[in-house]
Amino acid sequence: MANVPLTPPALKKILNQPRVRDFLSSAFVEGRLSHAYLFLGAPGSGMLEAADALAQCVVCPNGGDASCDECVRVAHHTHPDVHHLEPGGVSGYLVSQVRELMEDVALTPVRAQSKVYIINGADKLRGASANALLKTIEEPPRGVMFILVARSADAVLPTIVSRCQQVPFRVVPPAAAVDAIQRKTGASEQEARIALSIAVTPEQASDLLASAGRRGARRAMVRVLGELKNDDAWDVINAAREICDAVRAPLEEAKGRQSAVSSDEAEYLSNKALRQIEEAHKRELTARERSGMMEVLAAAESLLRDVLVRCEEVVEPVVNEDMDDVVERLAQDASTSGVLAAIDACQSAASDIAHNVTPQLALEVMLFAIKEALE
């Protein structure tokens, strides 16, 4: 590896994909970054984290130092020149989303010299939306980069694939992921395993462990599940509200930071630029709330899988060892079919929230379904 150039600090965060890290480092240091990349791999392989790291290098005036104001904004998804896109419809991306992207591409960057568009779920670009994006990728303005993220190239429009440089990500073994979390956070093996069962990727799991609010939301969900057997209908509704409040609690810090940023920039930015920043802030908070909801649903599913292990009398340690008393209590009266139905309820709630069902309503339906299944 002696020929590999010095890795920018931002790209050093790509811990479990050394080939990807070295490939992107070499391209960045040698000034031969492509205008369009297609990151390919399974969920949990760190593709979105790598996309953020590359975006930091692109907009950072210090070569991707990962610590300047520009890099911090990218990490918090508040940089006005780094756009994160998710499918807006049940079946995929909306044509209106791509049209808005095309309009934005033509605009001058707000803060940096370049702009980056990170398009998650690129395999959900179909028909008119895919063809519209293709035209933009074929002839992008100078200083614009696209990073598309998908499971496999087979599911992406072939003409889009041909315009992008493909970057494959390997599956990260669980033991390696746990070790990476421990090295980054100093957490115990038990804490790392729990965080990984909720957040999927080592990077997201490390962020979860660093947030007292997000850990508190997980505890709130586990507590609610442990008390669900004795709850009446009103208790269940209040429990869903309690979980929603716990998820939103960590967002207050982000709101405060956004207000400070807007005040600082209001003096020298145009009204149009400020509106763009305000919209970016709203998208960030919405995305964070949805992500937080997905985390507590994953925490519920992780706990229920431990209950299933107990019901099946499998000789292996549970993941949520710190909540072993709750696992045992739920497993006492539950059946295998009931626990599987409860897990299905968690997955249905995640699907509902992904399709813009109100989180409070989705949680209420889920908790009632779990209560019935476990009884």
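The values are calculated or read from the model by the stated rules, or taken from the named source; none is laboratory data. In this text the structure is predicted, and so the values were computed from the model without any measurement. With ideal geometry, Cβ positions are generated from the backbone for all residues, glycine too; neighbour counts draw on all protein chains shown. All accessible areas refer to the heavy atoms of the entire protein, side chains included, with ligands and DNA or RNA removed. Shrake-Rupley method; radii C 1.70, N 1.55, O 1.52, S 1.80 Å.
A few points about this structure:
- Matching residues, the stretch 216-235, being in contact with a Lys or Arg (Cβ under 8 Å, 6 or more places away or on another chain) and either surrounded by 21 or more Cβ atoms within 10 Å (Cβ to Cβ) or of a type in the set (Asp, Glu) (or both): Asp231
- Residues of the stretch 1-47 classified as touching a Phe, Trp or Tyr at 6+ places or on another chain (Cβ under 8 Å), in contact (Cβ under 8 Å) with a residue 60 or more places away in the chain and either surrounded by fewer than 21 Cβ atoms within 10 Å (Cβ to Cβ) or not in a loop (DSSP other than H, G, I, E, B) (or both), total: 8
- Residue list for the stretch 110-130, restricted to those being surrounded by 13 or more Cβ atoms within 10 Å (Cβ to Cβ), closer than 20 Å to Gly31 by Cα and free of Cβ contacts under 8 Å to residues at least 60 places away in the same chain: Ala112, Ser114, Lys115, Tyr117
- Test: Arg170 is surrounded by fewer than 22 Cβ atoms within 10 Å (Cβ to Cβ) and in contact with a Ser or Thr (Cβ under 9 Å, 6 or more places away or on another chain): yes
- Among residues of the stretch 299-321 that are touching a residue at least 60 places away in the same chain (Cβ under 8 Å), those with a Cβ under 7 angstrom from a residue that is exposed (fewer than 15 other Cβ atoms within 10 Å of the Cβ), sequence gap 6+ or separate chain, pair up as Glu321/Gln190.
- Filter result for His77 (open to solvent by 30 Å² or more (accessible area, probe 1.4 Å) and part of a strand (DSSP E or B)): no
- Meets criteria (part of a helix (DSSP H, G or I) and open to solvent by 10 Å² or more (accessible area, probe 1.4 Å)) for Leu133: no
- Of all residues in the stretch 279-308 being modelled with pLDDT under 80 and of a type in the set (A, V, I, L, M, F, W, C), the one that is farthest from Ser335 (Cα to Cα): Ala280
- Looking only at residues of the stretch 326-356 that are charged (D, E, K, R) and under 24 Å from the mean Cα position of the chain (by Cα), we find that the one that is farthest from Leu304 (Cα to Cα) is Asp352.
- Within the stretch 122-145, tally of residues that are touching a Lys or Arg at 6+ places or on another chain (Cβ under 8 Å) and at pLDDT 85 or above: 7
- Residue match in the stretch 363-375 (condition: of a type in the set (D, E, K, R), assigned to a loop (DSSP other than H, G, I, E, B) and over 29 Å from Gly88 (Cβ atoms)): yes
- Taken together, the criteria exclude Gln97 from residues that are touching a residue at least 12 places away in the same chain (Cβ under 8 Å), of a type in the set (S, T, N, Q) and not in a helix (DSSP H, G or I).
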